[in-house]
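Asks: Take a look at the following structure, please.
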Amino acid sequence: MKKYIFLLLSSFTFSVAQSQDITDAMRYAHDNLNGTARFRAMGGAFGALGGDLSSINVNPAGSAVFSNNQIALTLSNFSTKNNSTYFRTNTSACDASFDMNQTGGVFVFKNHNPNANWKKLSFSINYENTNNFDNNVFSAGTNEYNSVDGYFLSHANFGNGGAPVPQEFVNTNTNESISDLYSFLGSNLPNMQYPNLSGFAAQQAMMGYQAYIINAVDDTNNNSPYVSNVTPGGNYYQENSIYSNGYNGKLSFNMATSYKDKLYLGINLNSHFTDFTRTTSFYESNTNPLTTDYTVRQVSFDNNLYTYGTGFSFQIGAIAKVTNEVRLGLAYESPTWYNLTDEFSQNLVAISKNTSGELLPDYVNPNITNYYAPYKLQTPGKLTGSFAYVFGKSGLLSLDYALKDYGSTKFQPENDSYFRDINNEMSNTLATTSEVRIGGEYKIKALSIRGGYRFEQSPYKNSETVGDLSAFSGGLGYNFGVFKLDFSYTYSERNSQQPFFNQGLT
């Protein structure tokens, strides 16, 4: 196996295997409600209003509503609390972050010809964090039935196109280390001899075997199935911690125009940037009765994922001023086409014991980073219809209604067999959703009082996987003439059921 010695010395391997799933796709398909304080205070219901830099992200025609040039900067504090219940044990974890989540400016060029129908032309550039990935989830409890051995068994027994992973890929020989074998599996599978065996599945099987969590039924049979070495009996105490951080940013280049100050038309060209890091730490222990055979009593399993990339999308929109009071809006947001790259590393520790005593820990730390082949992700588009009623200079009410087909989310290239299966699963699992945003504003001279409500349906057909989202918001604003100062508060909540692993222990 000299052909991969260079990769080992560099401590990384270029892997042709995939490990993406629906959770990875949904991370980029779903946007949070960010933006200016006024926008957030009114629940983001700006599709028929315009006149706010964040409104451009709902309806590009909104920049032509501005009367003058403006620059905006928004600072935000995000505080997240996750309450978890696992086998009747309740835990919680919190995370908070402070950042600049919006900045931009709009420049308005008015046509001073009184006979001209096209009254103005506006250009704007705006940056927003469409999603803040900083989060912390901790779950713990005693699983009465299943051990983490199920994760390694599922890869070992079914990773080779539904057949066991050959033992030559899980057991090191005298001339190679765990790092050697881990690197080889990631770099050379699948191949012509094993077209249905992914390198990722083989790596997981190898790690479980080397930690003595699983073992082959028949050591003389290269294609023998695997069994568990975990102490039987159920009642496995388990902890799972998920630490994530990063962002999904969107830079919009906007142009809009006004026809007779009755019809506003606009377009956005959007550049997307994403940087995401997630570390998961799983721990399991049991106190089940021992025998003379060594069995596993404790397991610690860590996984680290880093995803980064860029994307592109566009938006078009129109706002019609039907009367001095009534405004209507319609906007379309294209899918976002991402180019993404994943880096992945992991390590495993297991401790075995029998009636005579405890063995030294089995450390399986390949010290290798898998660099997966770059891939593409297409998120769903969105169609938004809007209505607003303006009460002169005293206030307004606004409503946005949006449709989004999450089932159209796709990994690419679509002719890849793994991506084809995931895409079919997303098409069957994810739904077309409705989103309602309601906002209101009341002005008392220079003071503005605002409130909003947002409801978004679950992107899953089975809403127990991820539930509906409800959000309430409020805020205040004061116009000093030369500049405006706005504050807002938003509270949102949703329920979900999340597996510790995507197979084997779900």
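Asks: Can you list the HN-Hα couplings for the stretch 281-294, worked out from phi with the Karplus curve (6.51, -1.76, 1.60; θ = phi - 60°), rounded to whole Hz and with x for Gly and Pro?
Replies: Karplus values, whole Hz, x for Gly and Pro: 10, 10, 9, 9, 8, 8, 10, 6, x, 9, 10, 6, 7, 6.
Asks: Using the Kirkwood radius over C-alpha pairs as Rh, can you work out the diffusion coefficient of the stretch 114-261 via Stokes-Einstein at 37 °C, viscosity 0.692 mPa s, in µm² per second?
Replies: Numbers: Rh = 19.8 Å.
It comes out at roughly 165 µm²/s.
Asks: While we're on this one: Got a number for the accessible area of F253? Probe 1.4 Å, square angstrom, nearest 10.
Replies: Surface accessible to solvent at F253 totals approximately 100 Å².
Asks: Return the label of the correct value of log10 I(q)/I(0) by the Debye sum over Cα atoms at q = 0.06, 0.08, 0.10 Å⁻¹, as calculated from the structure shown, out of [x] -0.36, -0.60, -0.84; [y] -0.25, -0.45, -0.71; [z] -0.30, -0.55, -0.87.
Replies: So the structure-derived entry is [x].
Asks: Order the following by accessible area, largest value first: F158, F419, F78. Probe radius 1.4 Å; ligands, DNA and RNA are ignored. Write down the numbers at each step before the final one.
Replies: Working: F158 135, F419 5, F78 30 Å².
Largest accessible area first, the residues go F158, F78, F419.
Asks: Hey, can you grab everything whose amide H is under 5 Å from the amide H of D468? Only 5+ residues off in sequence or another chain; H modelled, so Pro and N-termini drop out.
Replies: The answer is S458, N495.
Asks: In the structure displayed, which of K250/K461; K120/K321; K321/K461 lie more than 26 Å apart, Cα to Cα?
Replies: On the way: K250/K461 28 Å; K120/K321 15 Å; K321/K461 37 Å.
In this structure, K250/K461; K321/K461 exceed 26 Å between Cα atoms.
Asks: What list of ³J(HN,Hα) values in whole Hz, one per residue of the stretch 50-66 in order, does the Karplus curve 6.51 cos²θ - 1.76 cosθ + 1.60 (θ = phi - 60°) give from phi, with Gly and Pro shown as x?
Replies: x, x, 9, 4, 6, 5, 5, 6, 9, 9, x, 5, x, 6, 6, 7, 4
Asks: Would you list F107, F500 from the most to the least accessible area, probe 1.4 Å? Write out the running numbers ahead of the final one.
Replies: Details: F107 95, F500 40 Å².
Per-residue accessible area, sorted high to low, gives F107, F500.
Asks: Further question on the same structure: How many angstrom separate the Cα center of the stretch 116-149 from the Cα center of the stretch 295-355?
Replies: 7 Å
Asks: Note down the accessible area of S252, probe 1.4 Å, to the nearest 10 Å².
Replies: The value for S252 is about 0 Å².
Asks: Continuing with this model, one more query. Amide H neighbours of V230 under 5 Å, at least 5 residues apart or on other chains, H built in the peptide plane: list them.
Replies: Residues meeting the criterion, in which the H sits 1.01 Å from N, are V296.
Asks: Follow-up question, since we're still on this one. Mind ranking V227, V326 by accessible surface for me, highest first, 1.4 Å probe? Don't skip to the end; give the middle numbers.
Replies: Details: V227 65, V326 35 Å².
The most accessible residue leads, giving V227, V326.
Asks: Among all the lysines, which ones have a C-alpha under 16 Å from K376's C-alpha, if same-chain residues fewer than 8 places away are not counted?
Replies: K410
Asks: Please report, as a whole percent, how much of the solvent-accessible surface of the stretch 146-261 comes from carbon and sulfur atoms (probe radius 1.4 Å).
Replies: Answer for the stretch 146-261 is 51 percent, counting heavy atoms of protein chains only.
Asks: Still on this structure, please answer the following. Straight-line reach only, C-alpha to C-alpha below 20 angstrom: list the lysines that K484 could link to, leaving out same-chain residues fewer than 8 apart.
Replies: Leaving aside lysines fewer than 8 places away in the same chain, those within reach of K484 are K393, K443, K445.
Asks: Here's another thing I want to ask about it. Tell me which residues come under 5 Å, amide H to amide H, from L263 once H is placed; ignore anything under 5 positions away on its chain.
Replies: K321
Asks: What's the carbon and sulfur percent of the stretch 54-99's accessible surface, probe 1.4 angstrom, rounded to a whole number? Could you put the intermediate results ahead of the total?
Replies: Values: 1160 of 2460 Å².
On the stretch 54-99, the fraction of accessible area on carbon and sulfur atoms equals 47 percent.
Asks: Something else now. So with the 1.4 Å probe, I'd like the accessible area per residue for the stretch 144-282, rounded to whole Å².
Replies: Using a 1.4 Å probe on heavy atoms only, each residue of the stretch 144-282 averages 39 Å².
Asks: Would you mind counting up the charge near F411? Only other residues with Cβ under 13 Å from its Cβ, with Lys and Arg at +1 and Asp and Glu at -1. Could the numbers behind the result be given before it?
Replies: Working: positive: R27, K376, K410, R420; negative: D21, D24, D342, E414, D416, D421, E425.
Local net charge: -3.
Asks: At a probe size of 1.4 Å, how large is the accessible area of W337, to the nearest 10 Å²?
Replies: Only protein atoms counted, so the area is about 100 Å².
The values are calculated or read from the model by the stated rules, or taken from the named source; none is laboratory data. A quick note: this is a predicted structure, and the numbers were derived from the prediction, not measured. Cβ sites come from the backbone with ideal geometry, for glycine too, and all protein chains shown count toward neighbours. We work out accessible area using only protein heavy atoms, side chains counted, and drop any ligands, DNA or RNA first. Shrake-Rupley method; radii C 1.70, N 1.55, O 1.52, S 1.80 Å.
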